[in-house]
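First the structure, in the form of structure tokens, and then the observations on it.
Just so you know, all these numbers are worked out from the coordinates, no wet-lab data involved. Please read these numbers as outputs of a predicted model, since none were measured by experiment. FYI the Cβ positions are ideal-geometry reconstructions off the backbone, even for glycines, and counts take in every protein chain you see.
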Ligand code: VG1
Ligand code: CO
């Protein structure tokens, strides 16, 4: 067995986006494409002699062969040990958990998360640092710059490693330790939540459906919900990870988890519904006839956090991404703790958690998490809700409505325009930027005077810990009553551009808490369209997805 230095040429466009490098599988299958990116990671990390890395993915098509490539390259770069999930499977929060628990140097996550999988679908790769979280921009930019000048990569020609049997094998000078994909993660969850109370809930006949969307969460949900917590078999549906996610679009929102929503709205609805995404870091919480918006979920978890044993001492602070609704801010204010506003993407929460400034973090895109790991965590959020339900004896519906009655309701929606012509999308954003100085103080909306703009700017974030600055993080138009419209281009798509329009309106009066969301936001929707000229510029008459 020999370590080879293979000549290569750089590929354009290997710049990581919101969450790593995501491209079509066919792009990743080009000879040298994956190898170049992995070589760039290793060159950026420097001397790895004696170090341990963690490696795993969401099981999508190309996962297994990518794992073999990465193992053979790690061995060629002097890595001492790699912990790899059995069958190449590790959810994103599990990678984070394993890195932290085993004191690894870092880890590589293979996933395109909620993007569809299969030979014609998407694939992705990202590097996580020693705190278990996504690499900060300083590192991802260094990786990108390495990809631009690469002339060779190093790889071992040893035969493939057996990924299916738990145990340790040798690859060149490196140990490959195949670990149980679920065990470390399950143990962590057990320490955070009142498993006895949740077990008692199921023992009383509490009914639940967890939709694994044929992605990575299934084995975790089965082991924890049906195994440790005694939920009846069949509680977890679509629980086998499939290479193409069974044709599902593994994004846990009411549109893509339509089957679960139909069940929860039907006559035989269980008491509690939940779903997770491709790599297990997103979650959707559903009650009978109600899907909880992710922004509300963060706020409700924060308001009830001390009911979970792992958070009984209280939470230190909350962070949310800028487009996420301000529902959590109201809870933070009531609790007398800080609330931070960060750019979109989990990598911006890491410093705040490491510095002990926040405990809970959340994004409007069905992502919630805490400082137990450094990724958002789907099943963690589901267990948190189950803990709250078990401790209070209340339904999801009651919890949400009582929260609104106490704090007011933040009507919230995101409109996505997918696979838009990239030039048109850029032109739209540039025109919006140019318009910003003229908007402040303007009256906008039908009949004018419905809304007055108090702030119109482009979000810039200065990290309070390391003072790094992230610019161009979304154009926002904030009205004088706190209502907001935010425009952003997605950094995870693989086709053209995706325009995201985020809409939020606050309503304090409980008498007005039962409006249909799109109806409640209709004036803001009309303003967003006229200010951005989205329809004329993109030719799109309506969003591809409304969540
Ligand atoms: C999207 C979401 C963002 C999330 C990111 C990764 O990014 O909006 O909130 O952090 O996906 O989530 P973008 O740039 O497309 O808006 V995941 O579950 O795909 O790792
Ligand atoms: Co995900």
Alpha carbon convex hull of the chain, projected area averaged over orientations, nm²: 24.1
With a Förster distance of 45 angstrom and the Cβ-Cβ distance between residue 522 and residue 426, calculated FRET efficiency to the nearest 0.05 equals 0.95
Relative contact order in percent for the range 185-407 (Cα pairs under 8 Å, 6+ apart) equals 20
Using only alpha carbon positions, build the gyration tensor of the range 3-181, then give the equivalent ellipsoid semi-axes as the square roots of 5 times its eigenvalues, largest first, whole angstrom. 21, 18, 17
C-alpha long axis of helix 137-149 to longest principal axis of the chain, angle in °: 50
At 7 Å along the Cα-to-beta-carbon direction for both residue 240 and residue 435, put a label point, then send me their distance in nm to one decimal. 5.1
So how much slack lies between residue 120 and residue 196, counting 0.36 nm per residue of separation and subtracting their Cα-Cα distance, in nm? 22.9 nm
Which value results when the Cα radius of gyration for the range 215-345 is divided by 2.2 N^0.38 Å? 1.17
Among DSSP bridges having both ends in the chain, what percentage is antiparallel? Round to the nearest 5. 70
Equivalent-ellipsoid semi-axes of the range 165-277, from the Cα gyration tensor, Å, largest first: 30, 20, 10
How high is the relative contact order of the range 152-217, given as a whole-number percent (alpha carbon pairs under 8 Å, six or more residues apart)? 16
Rg and Dmax of the range 354-401, Cα atoms, in Å? 12.3, 35
Under 18 Å from a point 7 Å along the Cα-to-Cβ line of residue 512: which residues of the range 289-303 have their amide N that close? none
Rounded to the nearest Å, the spacing of the alpha-carbon centers of the range 222-240 and the range 160-186 is 25
Kirkwood Rh, the range 185-407, all Cα pairs: how many Å? 17.2
Here the relative contact order (percent) of the range 409-546, from C-alpha pairs under 8 Å and at least 6 apart, is 35
Step by step: find N for the range 409-546, compute 2.2 N^0.38 Å, then divide the Cα radius of gyration by it. What's the final number? 1.08
When the chain is fully extended, how far beyond the present Cα-Cα distance does residue 26 get from residue 12, taking 0.36 nm per residue of separation? 3.5 nm
Taking Cα atoms only, helix 92-101 is inclined relative to the longest principal axis of the chain by an angle, in degrees rounded to 10, of 60
To the nearest 10 degrees, how steep is helix 396-407 against the longest Cα principal axis of the chain, on a 0 to 90 scale? 60
Taking R0 as 41 Å, what's the FRET efficiency between residue 544 and residue 180 from their Cβ-Cβ distance, rounded to 0.05? 0.55
Per residue of the chain, what 222 nm ellipticity follows from adding -39500 (n - 2.57) for every DSSP H run with n ≥ 4, rounded to the nearest 500? -9500 deg cm²/dmol
Taking alpha-carbon centroids only, the range 419-477 lies from the range 37-88 a number of Å equal to 40
Would you please put 246-252, 214-220, 13-19 in order of how densely packed they are, using the mean number of other Cβ atoms within 10 angstrom per residue and starting with the highest? 214-220, 246-252, 13-19
Extended-chain gain in nm, criterion 0.36 nm per residue less alpha-carbon gap, residue 405 and residue 535: 43.1 nm
What ranking do 91-104, 383-396 get when scored by the average of other Cβ atoms within 10 Å per residue, highest first? 91-104, 383-396
